[in-house]
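The values are calculated or read from the model by the stated rules, or taken from the named source; none is laboratory data. Bear in mind that the values here come from a model prediction, so they are computed numbers and not experimental data. Cβ placement follows ideal geometry from the backbone for every residue including glycine, while neighbour counts extend to all protein chains displayed. When the accessible area is computed, the model is the full protein with side chains, heavy atoms only, and any ligands, DNA or RNA have been set aside. Shrake-Rupley method; radii C 1.70, N 1.55, O 1.52, S 1.80 Å.
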Amino acid sequence: MELTVNGKKRTCEGDPRTTLLDFLRRDCGLTGTKKGCDHGQCGACTVIVNGRRINSCLTLAVMHADNDGGDDITTIEGLGTPDKLSALQKAFVSHDGYQCGYCTPGQICSATAMLDEIAAGFASDASEDLLGEMQASPEEIRERMSGNLCRCGAYANIVTAIREVAQGDA
């Protein structure tokens, strides 16, 4: 069984009870995705699967694998490198959208998929109009990012960084 992680085919073998989070960290050596609460409550393990953000601690790796390469999984390592940061990574750095940095990979993966959701017109509980054009307002960003906790409290800077990218200023 295979799945695709950051554009590369990976073989999923071993214990079928292995979470996607543990598979990414242990079997793929991609330690950017963090293990926080291991209960899907903190968002530190957020990755993007087929364009949608998920908590990788709540799903099994085999659920994303098949004989044709499986699901397309993107981790923080797949969004940018130290030499070539994504727009969101640059904005987080320039706006100090992190402090200890533990939650940052999950925050950036979540924000990346969230901006795609807004662009696709997906409404949230904070959306004023379910059928109108979605905007990356501070309220909208806070609602959509509510599943990603930052114990250091860098929320204002995170929202500012995301807004900058959403407005095309990054």
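The mean of 1/r over all pairs of different alpha-carbon atoms in the range 12-147, once inverted, gives a Kirkwood hydrodynamic radius of 15.8 Å. Over the C-alpha trace of the range 83-170, radius of gyration and Dmax come out as 12.5, 40 angstrom.
The value given for the range 1-66 is a Kirkwood hydrodynamic radius of 11.8 Å, derived from the mean inverse Cα-Cα separation.
Near the amide H of C12, within less than 5 Å, lie the amide hydrogens of E2, L3, all on another chain or at least 5 residues away, with H placed in the peptide plane. Take 100-111, 23-34, 72-83, 54-65 and order them by the average number of nearby Cβ atoms within 10 Å per residue, most first; the result is 100-111, 54-65, 23-34, 72-83.
The range 1-77 and the range 103-154 have their alpha-carbon centroids 22 Å apart.
A 1.4 Å probe run over the chain, with the rest of the protein chains in place, finds 52 Å² accessible per residue.
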